[in-house]
Amino acid sequence: MYNVLLTQKALKDLDALEKQVRIRIIKKLKEYASKPIRDIRKLESPKIGTYRFRVGDYRVVFDIDGENLVVLRAGHRKTIYR
């Protein structure tokens with residue numbers, strides 16, 4: 001089981017999203033905390049993070065640091081990688 005940690009940027013990103021999307025992402029984060037490493041992809045260029053998973057048209061970029069799943073960014077797929 002992983003501890004989910006959110007960076008300040010990730011919190012800001014989540015606050016900017018619609019409420020329903022935010023709820024879906026938080027639900028998915030809870031799933032990954034208990035059963036991680038499924039449906040994730042390693043990013044080709046790790047300049048913003050190492051891994052990502054998708055929730056519809058939205059992406060969550062994160063790193064795994066020991067027992068912690070550190071969420072770095074969350075946003076729409078068109079803008080998250082910029």
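The values are calculated or read from the model by the stated rules, or taken from the named source; none is laboratory data. The structure presented is a predicted model; accordingly, all values stated were derived computationally and were not measured. Note that each Cβ is placed from the backbone with ideal geometry, even for glycine, and that neighbours are counted across all protein chains shown.
Miscellaneous remarks
Conditions (1) in contact (Cβ under 8 Å) with a residue 60 or more places away in the chain; (2) over 13 Å from the mean Cα position of the chain (by Cα); (3) more than 12 Å from VAL60 (Cβ to Cβ), marked per residue:
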position	(1), (2), (3)
LEU5	yes, no, yes
ALA10	yes, no, no
ALA16	no, yes, yes
LYS19	no, yes, yes
LEU29	no, no, no
ILE40	no, no, no
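- Checking each residue in region 27-42 for being surrounded by 15 or more Cβ atoms within 10 Å (Cβ to Cβ) and either at pLDDT 95 or above or not in a loop (DSSP other than H, G, I, E, B) (or both) picks out LYS28, LEU29, TYR32.
- If only residues of region 64-76 that are over 12 Å from LYS12 (Cβ atoms) and at pLDDT 95 or above are counted, the one that is surrounded by the most Cβ atoms within 10 Å (Cβ to Cβ) is VAL70.
- One residue stands out among those in region 10-26 that are of a type in the set (Asp, Glu) and part of a helix (DSSP H, G or I): the one that is nearest to ARG54 (Cα to Cα), which is ASP13.
- Residue within region 37-57 that is touching a His at 6+ places or on another chain (Cβ under 7 Å) and of a type in the set (D, E, K, R) present: yes
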